[in-house]
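To start, the structure itself, in structure tokens.
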Amino acid sequence: MAGRSVSAVEHWFKEHGWRAQPFQREVWAHMAAGHSGLLNAPTGSGKTYAVWGGVVNAERSHPRKVSGLRAIWITPLRALAGEIADSAQRMCDGAGLGWKVGVRTGDTSTKERAAQKKSLPQLLVTTPESLHVLLATKGYAEQFKQLDWFIADEWHELLGSKRGVQVELALSRLKALRPDLGIWGISATIGNLEEAMAVLHGSDLLDSTSTVDQQHRPVPVLVRSNVKRPIEVRSIIPEKVEHYPWAGHLGLKLAHRLLPIIEQSTSTLIFTNTRAQSEIWYHHLLDIAPELAGTIALHHGSLDRKVREWVEQALDAGKLKAVVCTSSLDLGVDFRPVESVVQVGGPKGVARFVQRAGRSGHRPDATSRIWFLPTHALELVEAAALRQAAIEGSIEARQPLFRCFDVLVQYLVTLAVSNGFSPSEVYGEVRSTWCFKDITPEEWDWLLTFITSGGTSLLAYEEFRKAVVDEDGLVRVHDKRIALRHKLSIGTIVSDSSFAVKFVSGGRIGTVEEWFINQLKPGDVFWFAGRSLELVRVKDLVAQVRKSREQKGKIPSWQGGRMPLTSYMAKILREQLTTDRPGVEMTAVTPILERQRETSIVPGPDDLLIERFTSREGHHIVVYPFEGRFVNEALGSLLAFRMSLLKPITFSIAMNDYGFELLSDQPIPIEEALDNDLFSPQDLLSDLQRSMNATEMARRKFRDIASIAGLVFKGMPGRPLKERHMRANSGLFFDVFRDHEPEHLLLRQAYDEAFDVQMELPRLREALLRIQAQRKVLKDPGKFTPFAFPIIVDRLREKLSSEQLEDRIRKMTERLEKN
């Protein structure tokens, strides 16, 4: 039987001129034996067909003559769902398995959803949010009673996010309904694959203290592909490297160097790190090469779905020469392999760089080629470090989340909206997940009280009594209005309120955030979706626009766009600075490093460089931990606070990924600070709470938590709540809980996220331990050094216009070069 089923899949492979890879056969064998696991394979290696082929093989080997839903395929992106469904349907048809494949996402039409309510396909490709919507349906257990397989695609993208926690919770329920459920994850390479598998499988790999009996389930297997795709990194070296680099001074000046790459390639993806940068680069490329019009396109997450789909289809059809994009094309959106990939600016992480490089030569035997275009000269050091990491196959880990009570509150109400749930049964299921493996009975009781009465602080308000405990002991939601609101709010993706951008004549272009539209008045021109648009009017959260011929205008930016260096990227960057390995990038930055050495030092991995100098602005201290923006900001605030205890002094703080600056109007007692071990991790949390506005940071985090937990309703479709109202409502709850219920689990979560996510507290503690062991090198260069210069410029950028900033930088560099 097994031989015939494998032969059917392999025969289908041969019809397409493909040869099954060893890792694909290994997955097929494990799945035929009923095993669960995790597949690790690079982009473009055939990992989708490895797992789906295993499902086909298993069904062909042991056919079950039953109807209904047999397999769920989770994808993190709606844009991937259609491609995966088409691929799976082709394999089913070709291998002689008469299954129907369907899609259920936020883009699925009302008609299709109604049809699925009557009869689900055998394979449903869906997202974490849509799966939870199904769990909120009356009689959902009947829909899942024949379920055999659950596949979490791109698990490395879901891991470490609240959407991943949604997957964990959904699986805990599905395993209770179907104890023999086969579970597989598909992941690109990350530094903690075993942990990633443990998070997906929960109690299957947890210790014996789990309250759920999973001993009959075999231990999941980890399958690693033997496909080693080489990555070729080519850096675009500027003709002249300035001694004093600064962020943004170089990128667009090198844009003309992309034109030959675009011209000589059949297709090119140009990756930027933010949506705003993608708009700027698209506009600039058309400015310098108008002949690209019609052959170059823009792709990012704020563009309308139809626009994105058109770009993907045009790229697949070979109608486009280049696409300027963001992470919206990081994953496996299906189009023919592109010939060239360009990364604009440091990608901030090895995994992201490797993922993007993998879009080139999207075949198991192909070499991935990626061009690196620096936006300032020191990013060439990052390029050299990235090349070495790619050669060594080293990559960073993705840390899973713990104790996300907002997601758990939403999940419990989801179960209560459907058929209700038994608190004792679901408690055991929840404890079987990685995220909630240490939840206590007292915390569980608090959660039940919260969804049934609103908790201590909200006891008097009927609208927060969402669920009731019925006589049969099940927790249910009876109020249809509460149930409807909840179903409309399911999900964990929270962003600032957005305005739809539409032409006056009709046609949706995309969305921009409310704060940006609030800056404009009718008649103002802005650039969006690669077009010059004039704002006509704002009505009901819709910005109505018409085309404009103006060549200048504001470009939207989106909050949270800046990414810090990952901890692993920071580590290899510190090592790269003093490496003796030759390379074109390190040769190019030699003038910068030599100038740095003339007045200071280039710190090695065992050095912490501290520079001290004065200027007309005041007294400066610049410290170089090379730990990423968030950690450097926290370190700067911590050091400033601790020095203020030695001497009454105030500071302004500036930072980038490499270091931070403290600026004061009086001399800074840095020697005394070093003598008093002010970089100690002792009393870290309490000092951070006093040094940074922890309450305000937690308040910002609480806004999202309140939305996910259902404390704040985001509005009905087409009539979303305005951003300022959301902020006011969540702020009111925050103040009430802080003043009257300080042990509120959602409030505690807000403070935990402020420290662990925003300030990266675990990483900060590790950085302080590393700094304690380092040699402290205090230098008095007498002027700005090449390493200090970009940090100074970042501070000036916040208070000067673009023209004023460039003029100021020109004068500063002239003075520095003269000296």
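The values are calculated or read from the model by the stated rules, or taken from the named source; none is laboratory data. Since this is a predicted model, take the numbers as computed values, not measurements. Neighbour counts run over all protein chains shown; Cβ positions are idealised from the backbone, glycine included. Please note that ligands, DNA and RNA were not included when accessible areas were found on the heavy atoms of the full protein model with its side chains. Shrake-Rupley method; radii C 1.70, N 1.55, O 1.52, S 1.80 Å.
Please pull out the direction-averaged projected area of the range 519-580, using the convex hull of its alpha-carbon atoms, in nm² to one decimal place. Write out the running numbers ahead of the final one.
Details: hull surface 29.9 nm².
Quarter of the Cα hull surface area: 7.5 nm².
Please list the equivalent ellipsoid semi-axes of the range 612-755, computed as the square roots of five times the alpha-carbon gyration tensor eigenvalues, in descending order and whole angstrom. Each step should come with its number before you reach the end.
On the way: eigenvalues 272, 59, 33 Å².
Result for the range 612-755: semi-axes of 37, 17, 13 Å.
Looking at the chain only, what percent of DSSP beta bridges run antiparallel? Nearest 5 please.
Working: 37 of 93 bridges.
Rounded to the nearest five, the antiparallel share is 40 percent.
If you take the C-alpha gyration tensor of the range 1-154, multiply each eigenvalue by 5 and take the square root, what semi-axes do you get, largest first, in whole Å? Walk me through the numbers on the way to the answer.
Numbers: eigenvalues 135, 57, 40 Å².
One finds semi-axes of 26, 17, 14 Å for the range 1-154.
In debye, nearest 20: dipole of the range 498-624 around its Cα centre with unit charges on the Cβ of K, R (+) and D, E (-)? Walk me through the intermediate numbers first.
Values: 19 positive and 15 negative charges, 197 e Å.
Taking the Cα centre of the range 498-624 as origin, the dipole is about 940 debye.
Is the C-alpha gyration tensor of the range 416-483 telling us rounded, prolate or oblate? Criteria: a/c under 1.5 is rounded; beyond that, a/b larger than b/c is prolate, otherwise oblate. Intermediate results must be reported in sequence, preceding the final value.
On the way: a/c = 2.15, a/b = 1.40, b/c = 1.54.
Oblate is the answer for the range 416-483, as a/c is 1.5 or above yet b/c matches or exceeds a/b.
Would you mind getting the Kirkwood hydrodynamic radius of the range 630-672 from its Cα pairs, rounded to one decimal in Å? Working shown, then result.
Details: mean 1/r = 0.0945 Å⁻¹.
Evaluated on the range 630-672, it is 10.6 Å.
Accessible surface of residue 457 in the full protein assembly, 1.4 angstrom probe, to the nearest 10 Å²?
In the full protein context, residue 457 sits at about 30 Å².
Using the Kirkwood formula on the Cα atoms of the range 75-203, what hydrodynamic radius do you get, in angstrom to one decimal? All intermediate terms of the calculation are to be shown ahead of the outcome.
Values: mean 1/r = 0.0647 Å⁻¹.
In the range 75-203 this quantity evaluates to 15.4 Å.
At a Cα cut-off below 14 Å, give the aspartates and glutamates reachable from residue 306, other chains included and same-chain residues fewer than 8 away excluded.
Of all the aspartates and glutamates, those that pass the test against residue 306 - Cα under 14 Å, at least 8 places apart if same chain - are 107.
Where does the Debye-calculated log10 I(q)/I(0) of the chain sit at q = 0.04, 0.11 Å⁻¹, using only Cα point scatterers of equal weight, no solvent?
Log-scaled intensity ratios, in q order: -0.18, -1.47.
Take every Cα-Cα distance within the range 755-819, group them into 10 Å bins from 0 onward, and report for each bin the whole-number percent of pairs it holds.
Result returned by the calculation: 16, 29, 29, 24, 2.
Carbon and sulfur atoms: what percent of the 1.4 Å accessible area of the range 344-438 do they account for?
Here carbon and sulfur together make up 49 percent of the probe-accessible area.
Take the Cα atoms of the range 251-373, build their convex hull, and give its volume per residue in Å³. Intermediate values should be presented prior to the final figure.
Working: hull volume 12.0 nm³, N = 123.
Looking at the range 251-373, the number lands at 98 Å³ per residue.
So what's the back-of-envelope 222 nm ellipticity for the chain, counting only DSSP H runs of four-plus at -39500 (n - 2.57) apiece and dividing by all residues, rounded to 500? Walk me through the intermediate numbers first.
Working: 32 runs with 352 residues, N = 819.
Estimated from H runs of four or more residues: -13000 deg cm²/dmol.
Using only the alpha-carbon atoms of the range 412-533 as identical scatterers, what base-10 log of I(q)/I(0) does the Debye formula give at q = 0.16 Å⁻¹?
Result of the Debye calculation: -0.84.
If a/c stays under 1.5 just call it rounded; otherwise compare a/b with b/c (prolate if a/b is bigger, oblate if not). Do that for the range 352-416, with a ≥ b ≥ c from the square roots of the Cα gyration tensor eigenvalues.
Details: a/c = 3.12, a/b = 2.14, b/c = 1.46.
Prolate.
Convert each backbone phi in the range 254-263 into a coupling constant with the Karplus relation 6.51 cos²θ - 1.76 cosθ + 1.60 (shift: θ = phi - 60°), then list the ³J(HN,Hα) values in order as whole Hz, x for Gly and Pro.
Listing the rounded values in order: 9, 4, 5, 6, 7, 4, x, 5, 5, 5 Hz.
Shape of the range 664-819 from its Cα gyration tensor (a ≥ b ≥ c, root eigenvalues): rounded if a/c is under 1.5, otherwise prolate when a/b > b/c, or oblate? Please report the intermediate quantities before stating the final value.
Working: a/c = 3.22, a/b = 1.53, b/c = 2.10.
Oblate is the answer for the range 664-819, as a/c is 1.5 or above yet b/c matches or exceeds a/b.
When averaged across all projection directions, what area in nm² does the alpha-carbon convex hull of the range 592-692 cover?
6.8
Can you compute the charge dipole magnitude of the chain about its Cα centre, using +1 on each Lys and Arg Cβ and -1 on each Asp and Glu Cβ, nothing else charged? Give it in debye, rounded to the nearest 20. Mind dumping the intermediate values first?
Numbers: 106 positive and 101 negative charges, 536 e Å.
That gives a dipole near 2580 debye.
With every atom except the alpha carbons ignored, what do you get for Rg and Dmax of the range 465-577, in angstroms?
Spelled out, the Cα radius of gyration and Dmax of the range 465-577 are 22.5, 68 Å.
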